[in-house]
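The values are calculated or read from the model by the stated rules, or taken from the named source; none is laboratory data. Please read all numbers here as calculations on a predicted model, not as lab measurements. Every residue, glycine among them, receives a Cβ derived from its backbone with ideal geometry; neighbour counts consider all protein chains shown.
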Amino acid sequence: MNTSIEIPRARLQDLESIHRLIDEFAQPAALDEPIVFSLRLAIEEVFVNLVHHGYKNTPGPIAITLQTFTDHVTVTIHDHAPPFPPE
């Protein structure tokens, strides 16, 4: 199973759409609640860091893809923000 969202001008308000995407993805994939919680937390952390530090609160594009496989879930996040030091 595969699902994605493209946000052309990402802002913190878009987290609601991202959480909805994760929830809609998790149900047919039969993911346990601890897995869904971990996905939400990890994706939210990356997204917020991109908005705040990568794009410096100036909206920019972010695309998120979720894929299920037999034994794992893959999350791919694409952005065009300039690199920033993680500390």
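Looking only at the stretch 48-59, residues that are hydroxyl-bearing (Ser, Thr, Tyr) and either surrounded by 16 or more Cβ atoms within 10 Å (Cβ to Cβ) or in contact with a Pro (Cβ under 9 Å, 6 or more places away or on another chain) (or both) come to 1 in all.
Scan (1) in a helix (DSSP H, G or I); (2) within 14 Å of the chain's Cα centre (by Cα) for the single condition Ile64 breaks and write down its number. With respect to (1) in a helix (DSSP H, G or I); (2) within 14 Å of the chain's Cα centre (by Cα), Ile64 is out only on (1).
Going residue by residue through the stretch 74-86, is there one that turns out to be aromatic (Phe, Trp, Tyr), farther than 29 Å from Asp32 by Cβ, touching a helix residue (DSSP H, G or I) at 6+ places or on another chain (Cβ under 6 Å) and not in a strand (DSSP E or B)? So far as the stretch 74-86 goes, yes, one or more of its residues are aromatic (Phe, Trp, Tyr), farther than 29 Å from Asp32 by Cβ, touching a helix residue (DSSP H, G or I) at 6+ places or on another chain (Cβ under 6 Å) and not in a strand (DSSP E or B). Note on the stretch 3-47: among residues that are surrounded by 14 or more Cβ atoms within 10 Å (Cβ to Cβ) and out of contact with any helix residue (DSSP H, G or I) (no Cβ under 7 Å at 6 or more places or on another chain), the one that is modelled with the lowest pLDDT is Ala29. Mind checking which residues of the stretch 15-32 are assigned to a helix (DSSP H, G or I), without any contact (Cβ under 8 Å) to a residue 40 or more places away in the chain and not aliphatic (A, V, I, L, M)? Passing the criteria: Glu16, Ser17, His19, Arg20, Asp23, Glu24, Gln27, Pro28.
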